[in-house]
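Asker: Quick one: the structure is below, questions incoming.
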Amino acid sequence: MQSTTARDSTRQPKSSPITEAYEISNTVLGLGINGKVVQCTNRTTGQKYALKVLHDNPKARREVDLHWAASGCRHIVNIVDVFENSYSGKACLLVVMECMEGGELFQRIQDRQDEGPFTEREAAQIMHEICVAVKYLHDLNIAHRDLKPENLLYTSPAVNAVLKLTDFGFAKETFTKDTLQTPCYTPYYVAPEVLGPEKYDKSCDIWSLGVIMYILLCGFPPFYSNHGLAISPGMKKRIRLGQFDFPNPEWQNVSDQAKKLIQGMLNVDPTKRLSIDQVMKNQWIAQYTAVPQTPLHTGRVLREGEDIWPEVQEEMTRSLATMRVDYDQMHIKALDNSNNPLLNKRRKRAEEQTK
Ligand code: I85
């Protein structure tokens, strides 16, 4: 079966004990969807790494496969080594990654003091960095599906640090129409996910990019609950209808070009939403060095909203979960409506029987 992803790469986890090569510390760096992340040190070089411990199961294998395939992009946290070891009687996958020591994206914007206010040009540069990661993935036919602030980490606290995307726990292979046109399978036996349509999974990432860009420019999310409740019916309705605005004073001096780009990314119809190639061709992203250095309110708003930031993150986590389910259902529906010869035959027979 032909596929554009590097999933069928020859890379295999090592079965030697990880402790021969690395010293594992007790320092927990974070908790992922599928496992915890701790610090480890290469015994020969003394270099620090991050280690993600996963229980070996098909979901974990998929996470590792897709993450491994994506390692090589400057804006993706790269995998260095993978081990399959038994750990207190349980089969585990141990993923050694480069260690990001600069913390999360918005924490850094919130914490900055001396470098002056965060500007629209810096926001454009950050968006460009994230877009490079997303394009790399989408070109490999991988949708990340969990693009959110906590998964965007800096290499170091230094000013020239690089922003990278992590956590492939929800990543999914998508398929282009090429797959459909490649007659390398018997259509009667093909699984629905093989037939596509691939469009929705990738557009989930673009919606996330729109939300991240919105928060970068003002410090608060485009959709939020009025009552401070996690996900209110009102908020759900506003998301579904794409109801958001650009209130003053935060948005007063932000360029119209930026606002238009956000609207293109937050289009409620995934088929009309911009693709990563369209986003990257947009002047605000492509020519980010020419974006005006307008000072933004982001730092102040983030500092003022520090207490509710965990809620903002939870809200984004929940709406991503909802979107993944919705889009999975759209796949099934689209398949149902597609021009599948077997389905057509069945439909015809059903029609004839009702006559
Ligand atoms: N380094 N989502 C939030 C972390 N280096 N982090 C999360 N899923 C992952 C943690 C919970 C992301 O797959 C995560 C994953 C991988 C990492 C990761 C990868 C590489 C790090 C869940 C750090 C770190 C190290 C030293 C210092 C600092 C952070 O987290 C800090 F800046 F905070 F001081």
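Asker: Taking amide hydrogens as modeled 1.01 Å from N in the peptide plane, which residues meet the under 5 Å criterion relative to residue 174, leaving out close sequence neighbours?
Answerer: 142, 143
Asker: Quick check on region 1-157: take the gyration tensor over C-alpha atoms, sort the square-rooted eigenvalues as a ≥ b ≥ c, and tell me if it's rounded (a/c under 1.5), prolate or oblate. Could you put the intermediate results ahead of the total?
Answerer: Values: a/c = 2.24, a/b = 1.34, b/c = 1.67.
Oblate shape, in that a/c is at least 1.5 and b/c is the bigger or equal ratio.
Asker: Using packing as a proxy for protection, rank 317-327, 142-152 so that the peptide with the highest average count of other Cβ atoms within 10 Å comes first.
Answerer: Working: 317-327: 15.7, 142-152: 23.0.
Taking the mean over residues of other Cβ atoms within 10 Å, the ranking is 142-152, 317-327.
Asker: Taking a spot 7 Å from the Cα of residue 31 along the direction of its beta carbon, which residues of region 290-321 have an amide N less than 14 Å from it?
Answerer: Of the residues in region 290-321, 314 have backbone N under 14 Å from the label point off residue 31.
Asker: Over region 61-106, what is the mean sequence separation of C-alpha contacts under 8 Å (at least six apart), divided by residue count, expressed as relative contact order in percent?
Answerer: Details: 44 pairs, mean separation 13.3, N = 46.
Once normalised by length, the contact order is 29 percent.
Asker: Another question, if that's okay. Residue by residue, what Karplus-based ³J(HN,Hα) values in Hz, rounded to whole numbers, does region 83-88 have, using 6.51, -1.76 and 1.60 with θ = phi - 60° and x for Gly and Pro?
Answerer: 10, 10, 10, 8, 10, 6
Asker: Packing-wise, with mean Cβ within 10 Å as the measure, how do 67-80, 266-279 rank, highest first? List each step's numbers first, then the result.
Answerer: Numbers: 67-80: 19.0, 266-279: 15.9.
Descending packing order for the listed peptides: 67-80, 266-279.
Asker: Per residue of region 261-274, what does 6.51 cos²θ - 1.76 cosθ + 1.60 with θ = phi - 60° give for ³J(HN,Hα)? Whole Hz please, x for Gly and Pro, Karplus curve as stated.
Answerer: Using θ = phi - 60°, the values come out as 5, 4, 4, x, 7, 9, 5, 5, 8, x, 6, 9, 5, 4 Hz.
Asker: Another one. Calculate the length of the line joining the C-alpha centroid of region 201-278 to that of region 118-150, in whole Å.
Answerer: Answer, in whole Å: 15.
Asker: Using a simple charge model, +1 on the beta-carbon of Lys and Arg, -1 on the beta-carbon of Asp and Glu, nothing else, what dipole does region 7-80 show about its Cα centre, in debye to the nearest 20?
Answerer: Working: 11 positive and 6 negative charges, 30 e Å.
Here the size comes out at about 140 debye.
Asker: Counting only other residues whose beta carbon sits under 15 Å from that of residue 27, what net charge do I get with K and R as +1, D and E as -1? Walk me through the numbers on the way to the answer.
Answerer: Details: positive: 36, 48, 52; negative: 23, 101.
Net local charge, residue 27 excluded: +1.
Asker: A further question on this structure: Excluding residue 312 itself, what net charge comes from residues whose Cβ is under 12 Å from its Cβ, given Lys and Arg +1 and Asp and Glu -1?
Answerer: -4
Asker: Sticking with this structure for a sec: What net charge do the residues around residue 284 carry, taking every other residue with its C-beta under 12 Å from that of residue 284, with Lys and Arg at +1 and Asp and Glu at -1? Display every interim value, and only then the final one.
Answerer: Working: positive: 121, 259, 260, 281; negative: 120, 256.
Spelling it out: positives minus negatives among the neighbours equals +2.
FYI, it's all coordinate maths here, none of it is from the lab. Just so it is clear, the structure is predicted and the values come from calculations on it, not from any experiment. With ideal geometry, Cβ positions are generated from the backbone for all residues, glycine too; neighbour counts draw on all protein chains shown.
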